[in-house]
Amino acid sequence: MAAPKVAVVGAGVVGLSTALCIAETCPSCSLTVLSDQFSPNTTSDVAAGMLIPHTYPGTPIHVQKQWFKETFAYLFAISNSAEASEAGIHLISGWQVFKNTPKEELPFWSDVVLGFRLMSGAELQKFPQHQFGQAFTTLKCDCPPYLLWLEKRLKATGVQICTRKVADLWELHSEYNVVVNCAGIGAQQLVGDKKLFPVRGQVLKVHAPWVKNFIRDGDGLTYIYPGIHRVTLGGTREKENWSLSPDPGTTKDIFDRCCSLEPSLQGAQDIKVKVGLRPSRQGVRLEREVLNQGGVKLPVVHNYGHGAGGFSVHRGTAKEAARLVGECIAALQDSSSRAKL
Amino acid sequence: MRVAIIGAGVIGLSTALCIHEQYHGLVPSLEMEVYADRYTPHTTSDGAAGLWQPYLSDHGNLQETLWNKETFDYLLGHLGSAAAKEMGLFLISGYNLFTQPVPDPSWKNIALGFRNLTPKELELFPGYSYGWFNTALMLECRSYLPWLTNRLTQRGVKFFHKKVESFQEVSMFARGADVVINCTGVRAGELQPDPELQPGRGQVIKVLAPWVKHFIITHDIKSGIYKSPYVIPGSEFTVLGGIYQHGNWSEENSAQDHKTIWENCCRLLPALQEAKIVQEWSGLRPARPRVRLERETLRHGHFQAEVIHNYGHGGFGITIHWGCAMAAARLFGSILQEKKLASPPQPRL
């Protein structure tokens with residue numbers, strides 16, 4: 001096959017990073033990104049982009065850890081380079097605090113982040129309602145900068161980026177040899193995956209530049225994540241709630257919870273409210289499928305369902321998706337050369 | 001009882017507040033005045049980044065270590081208060097980097113979460129093979145000094161924009177001060193010669209680099225303190241520095257020093273090349289082998305005045321200020337005792 005034509009559906013962090021991995025591993029591929037939404041209107045743009053993994057009950061831990069390690073290493077190298085500020089990647093230190101000591105004192109990722117250790121008694125005094133805590137340094141991907149940087153790198157490799165609402169993957173079968181489905185929450189409608197459900201998250205993005213450390217309650221509901229220009233205050237985890245409209249009662253509740261963790265936030269200015277729907281699933285759907293209609297086949301690679309942990313594993317899953325695309329192309333080349341016999 | 005404070009940097013204003021808070025109730029006649037030729041934002045304190053961090057070694061000076069601890073604990077106690085933002089006070093974590101292993105510093109148990117750097121962390125800093133990580137405090141004087149000024153003004157303390165030429169000037173005339181607090185920093189020698197006090201000239205570049213969330217202080221043990229690049233992110237700007245010139249009185253920015261700071265800091269953090277330069281500033285650290293914090297009785301004919309010296313805090317003035325203010329307040333208390341002026345409030349008949 002001369003130049004395999006590959007389409008990536010979705011332009012959030014998963015779609016763009018998957019496209020970039022495919023461009024890196026398959027230079028002969030003709031690659032197009034198709035999406036109806038781009039930064040700053042993707043789910044990724046709402047997220048804080050913190051590299052703190054979410055645990056997927058349906059994916060083996062060693063696989064999740066590998067994805068996280070690869071993502072961390074990739075971003076660590078960027079944060080250390082001259083491109084760090086353009087890419088929106090920066091190191092951030094802080095604390096994860098628990099009201100009650102968790103069953104698992106050392107999460108699976110504790111040796112991937114930097115300097116992980118348990119908090120001292122003196123440090124915990126700052127959090128009178130919490131009796132246990134972990135201190136570490138991790139990375140944060142600020143959006144839009146990170147998505148814009150990925151787009152820039154894609155365009156530099158000749159990837160086409162097009163605005164297009166894809167209603168059905170099959171509609172692409174005549175234009176593309178392989179389709180990669182990175183549609184996030186859109187996959188529910190796109191491929192009818194009933195195992196995929198939204199977990200609604202409302203956040204506040206505020207101006208509070210004196211906050212230099214992150215603070216996260218181990219329950220995952222309350223967090224303070226300082227970004228380059230704004231601090232993300234969160235949040236909520238509302239299963240099966242599809243509403244993208246900010247709720248004022250929720251805004252006040254988030255603000256109060258964050259101020260009780262970090263009182264100086266009372267002085268925060270210019271509060272902006274955002275809502276995103278985490279594309280949640282028991283496990284990330286990262287696998288090949290062959291769509292078949294009337295003898296015509298369309299190989300598909302699915303890479304969606306990252307829920308609350310998209311940023312933490314994006315590069316690792318993108319690399320695996322690119323590998324699967326390579327397998328699809330090899331299979332196509334194999335069958336086309338056999339057809340010639 | 002008249003008290004004159006000379007100097008309105010972090011030392012002068014905090015000493016004034018500490019004394020007023022502690023003794024105003026005991027000495028109803030207490031009248032306090034501040035004299036200075038420079039006020040915020042033109043003091044040495046204003047130019048400093050504001051990071052709480054003592055020098056690497058206290059050279060056995062446990063007194064100073066205690067004052068550093070008292071300052072840290074005092075500030076930590078204010079962190080959760082509504083005043084913190086107005087004071088310019090916030091927590092910050094970061095790195096101290098070395099080219100060889102060094103002993104732990106005197107302040108390792110004062111700062112929060114002190115630990116050595118892991119090998120992976122050291123990969124961030126090529127050329128450095130050893131280091132520390134800890135959480136400390138920032139106290140930005142361009143907020144803290146106005147906050148102190150407001151507290152003092154509310155208490156009725158008066159401020160005079162005046163260059164005091166001698167102790168006699170404020171203490172010896174008819175309504176002169178009974179106690180003079182000398183917080184004149186690097187120019188204390190103009191009031192009373194002190195060969196041990198020397199300027200430790202520093203220069204800094206202030207940039208916009210809001211992605212930097214940690215302080216990074218490098219050390220070159222052979223060259224000495226502050227001669228190696230450092231990056232300290234503030235609430236608005238990030239301060240780049242690494243200049244210490246003993247004996248240099250120039251407050252002019254030097255192009256050579258700018259180049260040194262810029263190149264060294266960009267080597268340390270390559271992304272800084274994208275940072276926009278906003279300001280350049282030079283200041284004179286009031287360097288002394290140890291802080292001068294002591295009483296002296298000055299006599300001139302019939303007049304007598306008590307002076308409390310509180311100067312010579314080098315590059316750690318913010319770090320040590322409150323411990324010294326409390327020590328100065330104790331000296332003030334002993335003066336009151338001697339004058340039998342400290343009495344409990346009398347019931348009104």
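Every listed requirement among (1) under 27 Å from B:MET87 (Cα atoms); (2) open to solvent by 20 Å² or more (accessible area, probe 1.4 Å) is met by B:GLU338 save one, (1). Looking only at the range B:80-111, count how many residues are at the interface with chain A (Cβ under 9 Å from one of its Cβ atoms) and open to solvent by less than 20 Å² (accessible area, probe 1.4 Å). So the answer is 8. Scanning the range A:151-163 for residues that are open to solvent by 30 Å² or more (accessible area, probe 1.4 Å) and either over 24 Å from A:PRO27 (Cβ atoms) or touching a helix residue (DSSP H, G or I) at 6+ places or on another chain (Cβ under 7 Å) (or both) yields A:ARG153, A:THR157, A:ILE161, A:THR163.
With a cut-off of at least 3 residues that are open to solvent by 60 Å² or more (accessible area, probe 1.4 Å) and either closer than 30 Å to B:GLU274 by Cβ or within 14 Å of chain B (Cβ to nearest Cβ) (or both), name the strands (runs of 3 or more DSSP E) lying wholly within the range A:219-296.
By residue number, A:269-280.
The lone criterion from (1) farther than 30 Å from B:CYS266 by Cα; (2) part of a loop (DSSP other than H, G, I, E, B); (3) open to solvent by less than 60 Å² (accessible area, probe 1.4 Å) left unmet by A:ALA82 is number (1).
Return yes or no: is B:GLU190 among the acidic types (Asp, Glu) and within 22 Å of A:LYS212 (Cβ to Cβ)?
Numbers: among the acidic types (Asp, Glu): yes; within 22 Å of A:LYS212 (Cβ to Cβ): no.
Taking the combined requirement at face value, the residue does not satisfy it.
Among the residues of the range A:51-72, at least one is outside any loop (DSSP other than H, G, I, E, B), under 20 Å from A:ALA321 (Cβ atoms), out of contact with any helix residue (DSSP H, G or I) (no Cβ under 6 Å at 6 or more places or on another chain) and free of Cβ contacts under 8 Å to residues at least 12 places away in the same chain.
Residues in the range A:93-118 that are touching a residue at least 24 places away in the same chain (Cβ under 8 Å), within 8 Å of another protein chain (Cβ to nearest Cβ) and surrounded by fewer than 22 Cβ atoms within 10 Å (Cβ to Cβ): A:LEU114 only. Across the range B:209-230, the qualifying residues are those that are among the aromatic types (Phe, Trp, Tyr) and open to solvent by 10 Å² or more (accessible area, probe 1.4 Å), and the one among them that is nearest to A:HIS90 (Cα to Cα) is B:TRP211. Inside the range A:207-218, residues that are within 14 Å of chain B (Cβ to nearest Cβ) and either in a loop (DSSP other than H, G, I, E, B) or modelled with pLDDT under 95 (or both) make up a count of 6.
Is there a residue in the range B:25-39 that is away from chain A (no Cβ under 14 Å), closer than 26 Å to A:CYS259 by Cα and in contact (Cβ under 8 Å) with a residue 40 or more places away in the chain? I'd like the intermediate steps shown before the answer.
Restricting attention to the range B:25-39, the residues satisfying the condition of being away from chain A (no Cβ under 14 Å) are B:25-39.
Within this subset, residues satisfying the condition of being closer than 26 Å to A:CYS259 by Cα are none.
No; the residues of the range B:25-39 include none that is away from chain A (no Cβ under 14 Å), closer than 26 Å to A:CYS259 by Cα and in contact (Cβ under 8 Å) with a residue 40 or more places away in the chain.
Inside the range B:166-208, residues that are surrounded by fewer than 18 Cβ atoms within 10 Å (Cβ to Cβ), at pLDDT 95 or above and of a type in the set (A, V, I, L, M) make up a count of 1.
Residues in the range B:256-310 that are open to solvent by less than 70 Å² (accessible area, probe 1.4 Å), of a type outside the set (Gly, Ala, Ser), more than 26 Å from the chain's Cα centre (by Cα) and within 14 Å of another protein chain (Cβ to nearest Cβ): B:CYS266, B:LEU268, B:LEU269, B:PRO270, B:LEU272.
The values are calculated or read from the model by the stated rules, or taken from the named source; none is laboratory data. Note that the structure is predicted; figures quoted are calculated from it, not measured. We place every Cβ from the backbone using ideal geometry, glycine too, and count neighbours over all the protein chains shown. We work out accessible area using only protein heavy atoms, side chains counted, and drop any ligands, DNA or RNA first. Shrake-Rupley method; radii C 1.70, N 1.55, O 1.52, S 1.80 Å.
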